[in-house]
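S.K.: Sending over a structure as structure tokens; questions will come in a sec.
Bear in mind these aren't lab numbers, they're just calculated from the coordinates by the rules spelled out. Note that the structure is a prediction, hence the values are computed from the model and not measured. Here Cβ is always computed from backbone atoms with ideal geometry, including for glycine, and neighbour counts include all displayed protein chains.
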Amino acid sequence: MAFNLFNRSKKEPKAPKQELQVQQASKEEPTSGPSVTAPAGSVLKRYFISEKSTRGFAANQFTFEVDRRATKTDVRDAVERGYKVDVISVNTIRLPAKKIMLGRHAGTKGGIKKAIVTLKEGQTIAQAQP
């Protein structure tokens with residue numbers, strides 16, 4: 001009998017794909033919402049601060065960078081659970097990837113997905129304001 005050098009052992013079964021998980025706040029601990037950079041696997045990544053997004057504070061709108069696979073419903077649930085606020089509407093925008101140059105080497109900067117969340121009148125997210 002020959003040695004089975006070319007026969008590999010049985011492959012381990014692949015783990016099922018993980019769905020996007022919304023960060024859930026524990027009921028015992030008071031939470032002020034996710035940090036500026038949320039852990040991987042969550043829907044909300046960070047606050048998106050720009051001149052245009054700061055103008056939205058007057059209209060009770062807050063802008064977040066979110067996971068590219070997140071839906072409007074995922075974003076709504078994440079904001080409502082994470083910040084204990086009522087969301088009226090969610091608008092999403094997918095920004096394209098940009099070409100960048102580093103010396104003579106060309107590359108791309110990955111595109112992002114933004115979500116503009118409108119809150120109920122009188123509610124606010126203190127951590128998202130600069």
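S.K.: For Arg94, what is the net charge nearby, where nearby means another residue's Cβ is under 10 Å from its Cβ and Lys, Arg count +1, Asp, Glu -1?
M.R.: On the way: positive: Arg68, Lys113, Lys114; negative: none.
Counting the neighbours of Arg94, the net charge comes to +3.
S.K.: Can you give the Kirkwood hydrodynamic radius of the stretch 39-130 from its Cα pairs, in Å with one decimal?
M.R.: Values: mean 1/r = 0.0707 Å⁻¹.
The Cα-based Kirkwood calculation yields 14.1 Å.
S.K.: Could you please rank Lys72, Lys99, placing first whichever residue has the fewest other Cβ atoms within 10 Å of its Cβ? Let's see the in-between values first.
M.R.: Numbers: Lys72 15, Lys99 8.
If I rank by nearby Cβ atoms, fewest first, I get Lys99, Lys72.
S.K.: For Thr71 and His105, what is the calculated FRET efficiency with R₀ set at 41 Å and r taken between the beta-carbons, to the nearest 0.05?
M.R.: Working: r = 36 Å, r/R0 = 0.88.
That gives a FRET efficiency of 0.70.
S.K.: Along the Cα-to-C-beta direction of Gln61, a point sits 7 Å from the Cα; which residues of the stretch 76-110 have their amide N less than 14 Å from that point?
M.R.: Answer for this model: 88-94.
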